[in-house]
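The values are calculated or read from the model by the stated rules, or taken from the named source; none is laboratory data. Small disclaimer: the values here were computed from a predicted structure and weren't measured. Heads up, the Cβs are rebuilt from the backbone with ideal geometry, glycines too, and the neighbour counts pull from every protein chain shown.
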Amino acid sequence: MTQSTPENSPLKKRGVPLWVQVLVWAGLIGLLGLVALGLNRSQQGTVQVGDKAPDFTLTNFSGYEYDGASQVKLSGLKDKIVVVNFWASWCKPCEQEAADLEAAWREYQPDGKVVFLGVDYVDTEPEARGYLEQFGITFPNGADLGTRISQAFRIKGVPETYIVDGNGVIQYIQVGPFQSVDEIKSVVESVRAK
Amino acid sequence: MTMKRLIWITPIILVFAALWVGIAFAQDPTPSDDDVNRIAKQLFCPVCENTPLDVCPTQACAQWRALIRDKLAAGWTDEQIKQYFVDQYGARVLSEPPRTGLNWLVYIVPPVLFVLGVIILARTFHSPKESKGGDSPNLTPAPVAGTPAQPASESDDYVARLEEELKKRN
């Protein structure tokens, strides 16, 4: 009579191969890492004062070029104070500050040390042009193509304005509309004085 | 055909031809709401979270639907319009993420997890019961060689009597 031993028993418990276990665990850890990375990015908030401003290239609307160029690169504006204003034609609070921004731009434009850039956030061009004409805006403006600029600044909404100094460092952040031309000018002047 | 007849017929033919052309132009397809929504439902509002463009009530979404209508009227295809939206507002406006880069995880991970789950369940339900209880002691006495196996109730009695005898001896 033969006896079945645990080794040769047909009822022996089959285990999952080691390489499969390693693969599954590695996959799970990788997935958790990706989820953690995504959560971390979404909870970062906007860029902060003192941070280096993310570099970007703005493709201007026709008629709203900077120095005649259809594109303007932030890093190409060294030694200038740059006022980066995010707006949209469907944004009602943006209308509050539109005329004030234009008035401030007209004051700073002659000396050329301060540049205003309007970044049109998720908008349609006909409506954006209508908005620019409605408020008589003349400073360089362009669409945030692919929302790349707003994502780089991690904006939470519009309007938002970032004032970048000559070294490319963010010196002031305005969330929501400016209330007056004087407010805009006092902020720009404080950055210039630094 | 006389010249006089020709003079009468030609203007009539021209009038009918003009009317026909007018009708043809009037039938130039203007995109319907259904046409617009067919594309809009494949897109998400870029500013409001998780709202398909076809049901989004904001002014911005109304502008985007009007834009779709304009593009359709200009003869753009569905794919061209969707690509325009991606170029303008980023890939996040697509209801179905493009099959590139890390987006592949969205398509691969759920079916892989499902198949893994099915395999684990199948192995659990089909594994032999003996393998589960293999380590636990068998309390039923093994049948003595040459005697028939006893039913469970009889063997229980046997164990009880055996324990009683052992107690008496101790």
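Quick notes
- The set of residues in the range B:67-82 being under 23 Å from the mean Cα position of the chain (by Cα) and exposed (fewer than 13 other Cβ atoms within 10 Å of the Cβ) consists of B:E79 alone.
- One residue alone among A:E127, A:E133 is surrounded by fewer than 23 Cβ atoms within 10 Å (Cβ to Cβ), among the charged types (D, E, K, R) and in contact with a helix residue (DSSP H, G or I) (Cβ under 9 Å, 6 or more places away or on another chain), and that residue is A:E127.
- Tally of residues being hydrophobic (A, V, I, L, M, F, W, C) and in contact (Cβ under 8 Å) with a residue 40 or more places away in the chain across the range A:24-69: 6
Per-residue answers, yes or no, for (1) in contact with a strand residue (DSSP E or B) (Cβ under 7 Å, 6 or more places away or on another chain); (2) within 14 Å of chain B (Cβ to nearest Cβ):
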residue: A:A104; (1), (2): no, no
residue: A:V115; (1), (2): yes, no
residue: A:P159; (1), (2): yes, yes
residue: A:G166; (1), (2): yes, no
residue: A:E183; (1), (2): no, no
residue: A:V187; (1), (2): yes, no
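- Residue tally, condition among the hydroxyl-bearing types (S, T, Y) and part of a strand (DSSP E or B), over the range A:57-90: 3
- Qualifying residue in the range B:36-57 (condition: within 11 Å of chain A (Cβ to nearest Cβ), of a type outside the set (D, E) and not in a loop (DSSP other than H, G, I, E, B)): no
A quick yes/no check of all residues on (1) closer than 30 Å to A:S42 by Cα; (2) assigned to a helix (DSSP H, G or I); (3) touching a residue at least 12 places away in the same chain (Cβ under 8 Å):
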residue: A:I149; (1), (2), (3): yes, yes, yes
residue: A:I155; (1), (2), (3): yes, no, yes
residue: A:V158; (1), (2), (3): yes, no, yes
residue: A:I163; (1), (2), (3): yes, no, yes
residue: A:F178; (1), (2), (3): yes, no, yes
residue: A:D182; (1), (2), (3): no, yes, no
residue: A:K185; (1), (2), (3): no, yes, yes
residue: A:S190; (1), (2), (3): no, yes, yes
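- Qualifying positions in the range A:93-124 - modelled with pLDDT under 95 and closer than 24 Å to B:C61 by Cβ: A:V122, A:D123, A:T124
- Among residues of the range B:31-53 that are in the same structural domain as B:Q80 (by TED's automatic domain parsing), those with a beta-carbon under 6 Å from a residue that is surrounded by fewer than 16 Cβ atoms within 10 Å (Cβ to Cβ) and β-branched (V, I, T) at least six positions away or on a different chain give the pairs B:C45/B:T51.
- Scanning the range B:58-100 for residues being in contact with a helix residue (DSSP H, G or I) (Cβ under 7 Å, 6 or more places away or on another chain), free of Cβ contacts under 8 Å to residues at least 24 places away in the same chain and at the interface with another protein chain (Cβ under 10 Å from one of its Cβ atoms) gives a total of 4.
- Checking each residue in the range A:136-147 for being touching a residue at least 12 places away in the same chain (Cβ under 8 Å), surrounded by 15 or more Cβ atoms within 10 Å (Cβ to Cβ) and not in a strand (DSSP E or B) picks out A:I137, A:F139, A:P140, A:D144, A:L145, A:T147.
- Index of the failed condition, A:P93 passing every other in (1) within 14 Å of chain B (Cβ to nearest Cβ); (2) crowded, with 22+ Cβ neighbours inside 10 Å: (2)
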